[in-house]
1. Of all residues in region 16-47, which are open to solvent by 40 Å² or more (accessible area, probe 1.4 Å) and over 20 Å from Ala86 (Cβ atoms)?
2. Kindly indicate whether Ser60 is within 27 Å of Phe169 (Cβ to Cβ), surrounded by fewer than 16 Cβ atoms within 10 Å (Cβ to Cβ) and free of Cβ contacts under 8 Å to residues at least 24 places away in the same chain.
3. Being without any contact (Cβ under 8 Å) to a residue 12 or more places away in the chain and closer than 25 Å to Asp3 by Cβ is the filter here, so list the residues in region 85-121 that pass it.
4. Against the condition open to solvent by 60 Å² or more (accessible area, probe 1.4 Å), of a type in the set (Lys, Arg) and either at pLDDT 95 or above or touching a strand residue (DSSP E or B) at 6+ places or on another chain (Cβ under 8 Å) (or both), how does Arg110 come out, does it pass?
Amino acid sequence: MDDSLRAGVAIYNAGAYRAAHGAWESRWLSLERDTDDERFLHGLIQFTAAVHHARDGNDSGAVGLARSAREYLDGLGDDYRGVDLAEVRAFLARLEAAPGVAAADPLALRLDGRVVTYDDLDFDAVAVAAETLAEELDGYDESVVADAVEYAREEIAEGEQTQFTAMVFDFVRNEAQRGLVFQRLSEHVRRRRRREDDVSGLFE
């Protein structure tokens, strides 16, 4: 869960509130219902949705989700899996009481006492973030990013961290130029796919 958790926290802290749930959702769906981890991730997903709706001016949706998130997180420790849930619960209470006011100054999520950003992620968490952002944000081909992550893993396994590794990091971290980074990434992935197609079947 650690890579997914860190990736989602970093995505949320970057202001992509709607997208953040994507890093947690597949992990959450695989968990047994009503376990602490399942309630924790369910609560975080509803928390991010509440912030998203409050920022969009949907006060009734934000209030309902904030209430539901607090119910899911109720009974978990104040520092569950490193996330400061005491802060989260306090913010959710403010969101229920005054969604517009709370949304103007959204809570930064803390993990192990730090506000986690993209710069704090190692490759495995960056890979989760890259695939989540490609899926959740408009304009990105998820298959291109998934292939780039796979090629980067191959580089790392071979003791290299070069072309694809750097571009995957850049796709996540360089928000201002993400579209341009994706174009460059797409070109490299297309070239790599062509090379693989050229040699596939030659020795069968």
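1. The answer is Arg18, Glu25, Ser26, Arg27, Trp28, Leu29, Ser30, Glu32, Arg33, Asp34, Thr35.
2. Working: within 27 Å of Phe169 (Cβ to Cβ): no; surrounded by fewer than 16 Cβ atoms within 10 Å (Cβ to Cβ): yes; free of Cβ contacts under 8 Å to residues at least 24 places away in the same chain: yes.
Against the criterion (within 27 Å of Phe169 (Cβ to Cβ), surrounded by fewer than 16 Cβ atoms within 10 Å (Cβ to Cβ) and free of Cβ contacts under 8 Å to residues at least 24 places away in the same chain), Ser60 does not qualify.
3. Ala86, Arg114 - these are the residues of region 85-121 that are without any contact (Cβ under 8 Å) to a residue 12 or more places away in the chain and closer than 25 Å to Asp3 by Cβ.
4. On the way: open to solvent by 60 Å² or more (accessible area, probe 1.4 Å): yes; of a type in the set (Lys, Arg): yes; either at pLDDT 95 or above or touching a strand residue (DSSP E or B) at 6+ places or on another chain (Cβ under 8 Å) (or both): yes.
It is true that Arg110 is open to solvent by 60 Å² or more (accessible area, probe 1.4 Å), of a type in the set (Lys, Arg) and either at pLDDT 95 or above or touching a strand residue (DSSP E or B) at 6+ places or on another chain (Cβ under 8 Å) (or both).
One line per residue, one yes/no per condition, for (1) at pLDDT 95 or above; (2) assigned to a helix (DSSP H, G or I):
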{"residue": "Val126", "(1), (2)": "yes, yes"}
{"residue": "Gly139", "(1), (2)": "no, no"}
{"residue": "Val145", "(1), (2)": "yes, yes"}
{"residue": "Phe182", "(1), (2)": "yes, yes"}
{"residue": "Arg190", "(1), (2)": "no, yes"}
{"residue": "Arg193", "(1), (2)": "no, yes"}
{"residue": "Asp198", "(1), (2)": "no, yes"}
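Residues checked against (1) assigned to a helix (DSSP H, G or I); (2) out of contact with any helix residue (DSSP H, G or I) (no Cβ under 7 Å at 6 or more places or on another chain); (3) closer than 15 Å to Leu133 by Cα:
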site: Asp3; (1), (2), (3): yes, no, yes
site: Ala7; (1), (2), (3): yes, no, yes
site: Ile11; (1), (2), (3): yes, no, yes
site: Ala20; (1), (2), (3): yes, no, yes
site: Trp24; (1), (2), (3): yes, no, yes
site: Arg27; (1), (2), (3): yes, no, no
site: Glu32; (1), (2), (3): no, no, no
site: Asp37; (1), (2), (3): yes, yes, no
site: Ile45; (1), (2), (3): yes, no, no
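The values are calculated or read from the model by the stated rules, or taken from the named source; none is laboratory data. Treat the numbers as computed from the prediction; the structure is a model and nothing was measured. Note that each Cβ is placed from the backbone with ideal geometry, even for glycine, and that neighbours are counted across all protein chains shown. We work out accessible area using only protein heavy atoms, side chains counted, and drop any ligands, DNA or RNA first. Shrake-Rupley method; radii C 1.70, N 1.55, O 1.52, S 1.80 Å.
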